[in-house]
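These notes concern the structure reproduced below.
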Amino acid sequence: MFCKPCLIVLAAAASIPFFAAARPTPISAVEPVSARAAETWKIDSVHSMALFRVQHLGAGMFWGRFDDVQGSITTNGDQVGFDVMIDPASVSSGNDGLNGHLMSPDFFSVKEFPQMTFKSGTSEKIGSNMWKVTGDLTMRGVTKPVTAMIEMTGRADMGKGERVGFEATFTVDRAEFGVTYGVDKGAIGKDVRVIVGLEAVGKAPEGKI
Amino acid sequence: MEQHLFLIAVLLPAAVATCAAVLLRRTAPRLVGVALAAACVTSARVQDHFGGLPPTNGWMWLPLVVLLVAVLGAAAGDGATGRQGRGIACVVIGLVAALLLPWPEWRAAESRLLLGAAIAACSALLLPLGMHRGNFSWWCAVSLGLVAPSVLALATGFAKLAITIGAVSCACGWIGVAAAVTRPRHRLHAGIAGTMVLACVAVVGSAAAFAFDMSGTPAWIFVLAAAAPLGAWLGEAPPFRGSAMVSALARVAGAAMITGAVIWQCVPRLMPDQPGDAYALRDVARPPNP
């Protein structure tokens, strides 16, 4: 009924909407956050993590990560809000012995303080996808205000619920939170840079998070 | 400055014990206990940069409890001369200490009771020695005995606790040196207060290491570390009592054996295949890329 080239053209035309839906939408093409109503996103803990970086023995930068990051993100007009919880027992350095030391009261004291939290307060939009967010960081029972630079890294729906990604960067003085091990002689740096990569899902299809 | 304070804290008990034994013979043991507690408090507070009070970090209650035990022990000094009086003092101090500690694993009432009983039992067992043996071998045995909880704390990844217990162990060693120098005229007894402080540091130090341990170290190693100073009793065993020299050697050997057993158990944790402390270098050979 149809010739072979016609069939190929028809098949290609029919597949356009499928590919269009599957390809991630670039940030520049997404509807600006300000145009949307208030939305709440649940952090996907499998695809979110927090990295920290600290100077070791005055030389190299040591990196560690927390694998268990949970919480929620709210977007409302130009405002973004974060309510993030990190399980310090999920700290990972790639070395079992060092992980044990990081979990001890010398550092995160995970048995005594089983959760670290960040609750945002005010947010200021400083670029098309950038915010300056001030909030309270609670670590080892001490709460201090921190200011994080947060970038929206993407927003897409690839069939597993609409997702949004953020990357937050901030620096903390660990001594302010009572993590003083190695500070005296500068063996381990006092300032710790933290980078949190968040992926959050809006209305996810059942069992697809 | 803070490092200097640490050094002073370690040397202070020996200086206090010597001066008190020479100048104030009767009240000397009370001061030794308080000086030992001061060494514990200073070494811990230095590491915490003299943080606020009450401390936000649970383990910082350890030096405060030790100080309280020293003060109570010093207060009980004259009133608790009899066996019954000493027993009551041990129980009261054990329970007061256990009630104050806000640590994970020790929050339940029965756990606190167990910890209090352990402090009381260790104090009661050490008291006969602490009140009558003021020589070099006794202080050396106690110093070696406290190495066990210190090494165990280090093996479980709790370096600050290891340093704090190590400071008290070091202070005991210096008192032992002072006892050797001042003998035979003066004997530097630990007295009720000092002995209770030593028992409390051993038991509560081991309990702290257990409370914050994430390495899965078996519980019996913590019990062994807490009991290490009791190894000094070997010097009182009938085969060794005949000669003062043999008794002294047995006293030291008893504590050294228990401490050695604890260190033996900790060696694989302290020196694993991969270096595991925050200062270690990663020098494990990596396989070549295929």
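Taken together, the values in this text are just the output of simple stated rules run on the coordinates, not laboratory data. This one's a predicted model, so the numbers in the text were calculated from it and none came from an experiment. Cβ sites come from the backbone with ideal geometry, for glycine too, and all protein chains shown count toward neighbours.
Here are the numbers for the structure shown:
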| quantity | calculated |
| --- | --- |
| Share of pairwise Cα separations in the range B:60-218, more than 24 Å, in percent | 32 |
| Within the range A:160-205: Cβ-based charge dipole about Cα centre, in debye rounded to nearest 20 (Lys, Arg +1; Asp, Glu -1) | 180 |
| Selection from B:88, B:98, B:4, by position along the positive dipole direction of chain B (Cβ) | B:88 |
| Approximate spin-label separation residue A:142-residue B:8, in nm, with each point projected 7 Å along Cα-to-Cβ | 2.4 |
| Pair residue A:117, residue B:19: separation of 7 Å Cα→Cβ label points (nm) | 5.0 |
| Square roots of five times the Cα gyration tensor eigenvalues for the range A:34-201, Å | 29, 17, 14 |
| DSSP H segments from chain B that extend 24 Å or more along their own axis, Cα-based, with Kyte-Doolittle mean of -1.0 or above | B:2-23, B:28-47, B:83-100, B:109-132, B:136-155, B:159-182, B:191-211, B:244-270 |
| Per-residue mean of C-beta atoms belonging to partner chains within 10 Å, peptide B:152-161 | 4 |
| Full-stretch length increase - residue A:185, residue A:83 - with 0.36 nm per residue and alpha-carbon distance subtracted | 33.2 nm |
| Entries in A:119/A:190; A:42/A:190; A:111/A:160; A:119/B:160 that, when Cα-Cα distance is taken, lie over 28 Å | A:42/A:190; A:111/A:160; A:119/B:160 |
| The range B:148-239 - Rg and Dmax from Cα coordinates, angstrom | 14.9, 49 |
| Expected-Rg normalisation [2.2 N^0.38 Å, Cα atoms] applied to the range B:2-270 | 0.92 |
| Peptide-level mean, for A:91-100, of C-beta atoms on other protein chains within 10 Å | 6 |
| Hull-based mean projected area of the range B:88-145, where the convex hull spans the alpha carbons, in square nanometres | 4.6 |
| Chain B: relative contact order in percent, alpha carbon pairs under 8 Å with at least 6 residues between | 23 |
| Per-residue Cβ neighbour rank within 10 angstrom, fewest leading, B:137, B:243 | B:243, B:137 |
| Inter-probe distance in nm under a simple model that places probes 7 Å from Cα toward Cβ, at residue B:105 and residue A:42 | 3.5 |
| The range A:34-201: relative contact order as a whole-number percent, Cα under 8 Å and 6+ apart | 24 |
| Förster-model FRET efficiency, 22 Å R0, residue A:125 and residue A:65, C-beta, rounded to 0.05 | 0.20 |
| FRET E, pair residue B:183, residue B:132, Förster distance 22 Å, beta-carbon r, rounded to 0.05 | 0.90 |
